[in-house]
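One structure is given here, and the rest of the page talks about it.
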Amino acid sequence: MAAADLRAELDSLVLQLLWDLEELESKRAALNARVEEGWLSLSKARYAMGAKSVGPLQYASCMEPQVCVCTNEAQNGLQKFRVVRSGSQIPEEVGPCEAALRRRKGLTRIPEPEPFSASPNPLNWFGILVPHSLRQAQASFQEGLQLAVDMASLQIQINWGQSQLRGLQEKLKQLGLGAA
């Protein structure tokens, strides 16, 4: 009965791997389409605004990422990647801004304005009214980033499935039944 259970588990694992591989292939195709669409929209924006209007000279001097890729452990113990906005704080970071007590009555100071900070939307580096194609390019690349993160998580799941498959095949060989 153990051999029949191993074969059933092996079959279900192979089916899951095939579903995961099919999903990975569809995500790769979607990623390629998003990246191609992004570059095409970017070239349309360069044509509309002028080749020198959309380029490295317009980048802010102090760029900060809008998103970060973080990893955490899923329920099954595998790593899972996710995209997190850089401005959002995780619960551990939320807390009082100052460690000292403030005096409620007394001298009031006018807070100094912060030095010019980069706009939260990098499209504003290229002007206020940017072409729609530049916005489309940004959206395409953002979707591509999310697809790449999903693909990385899926690839980890596929690698784990392959190692489980090899382990089951070894168990079948030890039982002398082979993987027929």
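Overview of results
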quantity	calculated
Candidate lysines for bridging to Lys52, where Cα separation is under 29 Å - those fewer than 8 sequence places away on the same chain excluded	Lys44
Segment Lys52-Ala2, length gained on full extension (0.36 nm per residue, minus Cα span)	11.1 nm
Computed accessible area, Lys44, all protein chains, 1.4 angstrom probe, square angstrom	110
All lysines inside 18 Å of Lys80 as judged from Cα atoms, apart from same-chain residues fewer than 8 positions distant	Lys27
Solvent exposure ordering (accessible area, 1.4 Å, most first) of Ile158, Ile128	Ile128, Ile158
Average silhouette area of segment 1-90, convex hull of alpha-carbon atoms, in square nanometres	9.5
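The values are calculated or read from the model by the stated rules, or taken from the named source; none is laboratory data. Since the model is a prediction, treat every value here as computed from it, not as a measurement. We work out accessible area using only protein heavy atoms, side chains counted, and drop any ligands, DNA or RNA first. Shrake-Rupley method; radii C 1.70, N 1.55, O 1.52, S 1.80 Å.
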